[in-house]
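The values are calculated or read from the model by the stated rules, or taken from the named source; none is laboratory data. Predicted, not measured: the structure shown is a model, and the values here were computed from it. Every residue, glycine among them, receives a Cβ derived from its backbone with ideal geometry; neighbour counts consider all protein chains shown. SASA here: full protein model, heavy atoms, side chains in, ligands and nucleic acids out. Shrake-Rupley method; radii C 1.70, N 1.55, O 1.52, S 1.80 Å.
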Amino acid sequence: MTIFTMEGKILVSTAYLPPVEYFTLISEADEVLIESEENYLKQSYRNRCYILSAHGPQLLTVPVYQGSLHKTPIKDIRIDYSKRWQQVHLRAIISSYSSSPYFQFYFENIEKIISSKIDFLLDLNMELIQSILKMLKMEIKLTYTTYFVPVRTDENDFRYKITPKEKSQFLSKKYIQVFDNGTGFIRGLSVLDLIFNKGPEAVDYL
């Protein structure tokens, strides 16, 4: 039995303000291993998320240095602060959720982390995930992998199973969202959408 198939332990990728499904997946785990040795994967939740604006889902992307993308471990990917992404992300979050029921209770912590100049993408994501777990009142041990294991069929390996390119297999419960454009409930959004709308009850919707 490997560390990836031990009962209560799962393996996931890092993610920026992860989708609700990410937390649905880890909510029943006792320990979560976050992949830190894989090569960086573009167009994934590792450096992007979706929030719900008045015009529908809006993509937010953390820019990284292009020269570091070629077969570079995710742990070595640096954030590019020559672009004003922090201001863009914070303005977008405010525009989308300032009218939501619990925005004022949770935004400050998210704003503080995004505004701080954290060098590495992996570290930024970890800070945000840990903060969100506290908001959800979920006590889950988070650790990084120390070596890379190729993708296999281990039932607890979820590194590449939550992606914006495919419909998630891990569906959370529906809840009332700030914007209803007549298209029904929107999935695949950052967990911020759930937290700002449901507050202390958010964990019940995972």
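Numerical summary
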| read-out | value |
| --- | --- |
| Pairs, first of a type in the set (A, V, I, L, M, F, W, C) in the stretch 162-182, second in a loop (DSSP other than H, G, I, E, B), C-beta under 6 Å, six or more apart | I162/S168; V178/S100; F179/A54 |
| Answer from I129, I140 - the residue that is at pLDDT 90 or above and open to solvent by 20 Å² or more (accessible area, probe 1.4 Å) | I140 |
| Identity of the residue in the stretch 175-201, touching a Lys or Arg at 6+ places or on another chain (Cβ under 9 Å) and not charged (D, E, K, R), that ends up most open to solvent (accessible area, probe 1.4 Å) | I176 |
| Pairs, first touching a residue at least 40 places away in the same chain (Cβ under 8 Å) and assigned to a helix (DSSP H, G or I) in the stretch 101-112, second surrounded by 13 or more Cβ atoms within 10 Å (Cβ to Cβ) and not basic (K, R), C-beta under 6 Å, six or more apart | F103/Y97; F103/F196; Y106/M135; Y106/I195 |
| Checking Q43 against (1) open to solvent by less than 70 Å² (accessible area, probe 1.4 Å); (2) modelled with pLDDT under 95, the condition it does not meet | (1) |
| Residue within the stretch 70-85 that is among the aliphatic types (A, V, I, L, M), surrounded by fewer than 19 Cβ atoms within 10 Å (Cβ to Cβ) and either more than 23 Å from I113 (Cα to Cα) or under 18 Å from the mean Cα position of the chain (by Cα) (or both) present | no |
| Some residue of the stretch 153-174 being more than 19 Å from the chain's Cα centre (by Cα) and open to solvent by less than 80 Å² (accessible area, probe 1.4 Å) | yes |
